[in-house]
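The values are calculated or read from the model by the stated rules, or taken from the named source; none is laboratory data. Fair warning: this is a prediction, and the values are worked out from it, not measured in the lab. Here Cβ is always computed from backbone atoms with ideal geometry, including for glycine, and neighbour counts include all displayed protein chains. Remember, those area values only see protein heavy atoms, side chains included, never the ligands or the DNA or RNA. Shrake-Rupley method; radii C 1.70, N 1.55, O 1.52, S 1.80 Å.
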Amino acid sequence: MSAVMSTYGRYDLAFEKGEGAYLCASDGRRYLDFAAGIAVCSLGHGHPHLVKTLQDQAARLWHVSNLYNIPDQIRLADRLAAASFADKVFFCSTGLEAMEGAIKLCRRYHYANGAPERWRCVTVEGSFHGRSLATISAAKNPKHLEGFGPETDGFDQVAFGNLNELRAAIGPQTAAIIFEPVQGEGGVRPADLDYLRSLRTIADEFGVLLLLDEIQCGNGRTGKFFAHEWAGIAPDVAAIAKGIGGGFPLGAFMATEEAAKGMVPGTHGSTFGGNPLAVAVGNAVLDVLLEDGFLDNVDRTARALWDRLQDLVGRYPAVFESVRGAGLMLGLKCVIPAGDMVVALQKEGLLTVPAGDNVVRLLPPLNIDASHIDEALGILDKVAGSWEADDG
Ligand SMILES: *Cc1c(COP(=O)(O)O)cnc(C)c1O
């Protein structure tokens with residue numbers, strides 16, 4: 001038994017090397033990686049530009065703290081702002097920190113407006129926002145809350161897609177609506193675009209902020225830099241992490257100048273957030289994501305994968321129920337247990353991720369090509385085919 005705390009049920013697999021969309025295991029087997037470290041390795045493994053950037057930065061300077069200016073941090077913030085709705089960016093290292101900071105920002109906004117009683121947030125069922133005491137209380141997944149004492153107060157939850165319930169939940173104490181545009185852990189559930197637009201309208205109507213958790217669905221995963229861009233709306237606040245570091249721990253919350261007005265010196269901090277190593281890699285990831293045509297290519301690749309998965313699901317109705325998701329954040333809702341499917345795919349050399357609602361998540365690197373899609377579909381076909389054969 002190892003000394004690692006047993007909070008994860010792990011697969012019996014360990015990897016030694018990564019190359020693009022592939023991982024090599026310690027037993028020498030090669031796997032096609034459609035897990036990508038849970039949507040983190042957005043450019044695959046060992047991307048030459050990221051490797052060189054990290055090596056050069058490691059030789060120069062690792063860490064100085066936020067007591068000093070960090071020129072690459074300023075550059076990354078400026079670039080993120082230029083590529084989005086936001087004017088202000090705060091860097092941290094993980095997703096939950098980005099959400100915690102974003103929630104604090106929403107409360108401070110109303111405090112700065114002379115309405116400190118507005119501190120509650122309305123959240124949506126099925127979401128995931130991280131594993132801190134506040135973020136498990138925001139998402140209210142009973143499995144994540146069990147045994148951790150009373151919930152952190154301040155979060156009122158409504159059903160996914162129900163606008164009447166949402167309106168009714170907003171009161172004189174509400175500071176913000178929090179929403180994950182494509183629910184990842186919850187089972188790859190995309191919001192329809194009209195629902196997203198309604199969230200914007202309702203936030204405006206009640207004078208509350210709209211905070212979007214784009215930690216998994218942002219960073220180019222849906223074929224636009226942010227998933228909310230598909231709806232033609234802008235939030236007041238957004239949280240990102242996962243893919244923005246390409247595998248280096250990096251997160252951020254970003255806001256309009258107006259929404260960020262309460263975040264004055266002394267209100268928030270992070271020792272590691274935006275350190276020189278992290279922001280060097282973040283800038284390198286942006287070099288690629290924002291390259292002309294990169295996101296259009298993600299969109300094209302995603303549509304090709306979608307069509308092939310639809311065809312697959314049509315041919316194996318006893319195994320798969322449907323395809324859902326957006327861009328390269330796709331889910332196969334299963335008839336058979338999704339966890340068993342993940343293991344069966346692993347045995348054939350394809351890595352995927354289980355999600356809620358009996359879904360197998362496909363989160364490939366954003367720079368895969370047609371050959372990777374062919375290979376993945378070949379494995380899915382083989383596994384589903386043998387399942388149906390066993391069954392009938
Ligand atoms: C992964 C994730 C988080 C939490 O990120 P951590 O880095 O694990 O803290 C929060 N929200 C969403 C939507 C996520 O997918």
Checklist entry - In square angstrom, what is the accessible area per residue of the range 48-289 with a 1.4 angstrom probe? => result 41
Checklist entry - Any idea what the relative contact order of the range 48-289 is, in percent, if you count C-alpha pairs under 8 Å spaced at least 6 apart? => result 31
Next on the checklist: Set the bar at 21 Å for Cα to Cα. Now go through Lys347/Lys382; Lys88/Lys261; Lys17/Lys52; Lys104/Lys143; Lys333/Lys382 and name every pair that lies beyond it.
Outcome noted: Lys104/Lys143
Item to check | Share of carbon and sulfur in the accessible heavy-atom surface of the chain [1.4 Å probe, %] | outcome: 53
Checklist entry - Of Ala139, Ala102, Val124, which is farthest along the charge dipole of the range 64-175 in the positive direction, counting Lys and Arg as +1 and Asp and Glu as -1 at C-beta? => result Ala102
Checklist entry - Given +1 on the Cβ of Lys and Arg, -1 on the Cβ of Asp and Glu, and no further charges, what dipole in debye does the chain carry about its Cα centre, rounded to the nearest 20? => result 700
Checklist entry - Looking at the chain, which longest stretch skips every one of the chymotrypsin sites (Phe, Trp or Tyr not before Pro) that is in a DSSP loop with at most 15 other Cβ atoms within 10 Å, leaving the sites themselves out? => result 149-392
Next on the checklist: List the trypsin sites (Lys or Arg not before Pro) within the range 105-137 that DSSP assigns to loop and that have no more than 15 neighbouring Cβ atoms inside 10 Å.
Outcome noted: Arg131
Checklist entry - Roughly speaking, what is the stretch gain from Asp369 to Gln310, that is 0.36 nm per residue apart minus the C-alpha to C-alpha distance, in nm to one decimal? => result 19.4 nm
Next on the checklist: Projecting each Cα onto the charge dipole of the chain (Lys/Arg +1, Asp/Glu -1 at the beta carbon, about the Cα centre), which of Ser84, Leu61, Val158 comes out farthest on the positive side?
Outcome noted: Leu61
Checklist entry - Treating the beta-carbon of each Lys and Arg as +1 and of each Asp and Glu as -1, no other charges, what is the dipole magnitude of the range 276-384 about its Cα centre, to the nearest 20 debye? => result 400
Checklist outcome for this item: the range 1-64: relative contact order from alpha carbon pairs under 8 Å, six or more residues apart, as a whole percent, is 22
Checklist outcome for this item: For the chain, whose charge dipole is built from +1 on Lys and Arg Cβ atoms and -1 on Asp and Glu Cβ atoms, the candidate among Pro265, His47, Gly184 with its Cα farthest towards the positive end is Pro265
Checklist entry - Once both axes come from the Cα atoms, what is the angle between helix 193-206 and the longest principal axis of the chain, in degrees from 0 to 90, rounded to 10? => result 10
